[in-house]
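Taking it in order: structure first as structure tokens, then the write-up.
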Amino acid sequence: QVQLVESGGGLVQAGGSLRLSCVASGNIFSINGMGWYRLAPGNQRELVAAITSGASTNYADSVKGRFTISRDNAKNTVYLQMNSLKSEDTAVYYCYASVLSIGTVRHYDYWGQGTQVTVSS
């Protein structure tokens, strides 16, 4: 079994910054892609940023230049540095990881429980 635990969400004023962290633990042989989605009320789930095991990154157009995704493979951790936050960034942020576990033959996606980010204008 694999668990993902997020931290770092909270309330911040517009223009401020937050850093989200997500640690994967459990039966992990290797992790392929990791990333962050967000879900705001009335909106569809949106891919915010993703990073491969080789550190290639991909961002939603709405966050390019403001958010930075990174990972520490030794710690099975992915980070999301969010700067110049806007009210429209308010959402629940979920991390995911594509994990190959010992005893399995393919990667499975696992999800965190979500962390609330609220940006006040």
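From the list 115, 77, 90, exactly one residue is in contact with a Gly (Cβ under 7 Å, 6 or more places away or on another chain) and open to solvent by less than 60 Å² (accessible area, probe 1.4 Å). Which is it?
115
Give just the number: which of (1) open to solvent by 20 Å² or more (accessible area, probe 1.4 Å); (2) of a type outside the set (Asp, Glu); (3) touching a residue at least 12 places away in the same chain (Cβ under 8 Å); (4) over 13 Å from residue 115 (Cα atoms) does residue 44 not satisfy?
So the condition that residue 44 fails would be (3).
At least 2 residues that are within 27 Å of residue 1 (Cα to Cα) in each: list the strands (runs of 3 or more DSSP E) lying fully within region 14-121 that qualify.
Output list reads 18-26, 30-39, 46-51, 67-72, 77-82, 91-100, 108-111, 115-120.
Which is farther than 22 Å from residue 121 by Cα and in contact with a Phe, Trp or Tyr (Cβ under 6 Å, 6 or more places away or on another chain), of 50, 74, 97, 55?
Every option except 97 fails the conditions.
Could you identify the single residue in 85, 80, 47 that is within 12 Å of the chain's Cα centre (by Cα) and within 15 Å of residue 9 (Cα to Cα)?
Selected residue: 80, the only one of 85, 80, 47 that is within 12 Å of the chain's Cα centre (by Cα) and within 15 Å of residue 9 (Cα to Cα).
The values are calculated or read from the model by the stated rules, or taken from the named source; none is laboratory data. Fair warning: this is a prediction, and the values are worked out from it, not measured in the lab. Note that we place each Cβ from the backbone using ideal geometry, even for glycine, and neighbour counts take in every protein chain shown. Note: accessible area is taken over every heavy atom of the protein model, side chains too, but ligands, DNA and RNA are not part of it. Shrake-Rupley method; radii C 1.70, N 1.55, O 1.52, S 1.80 Å.
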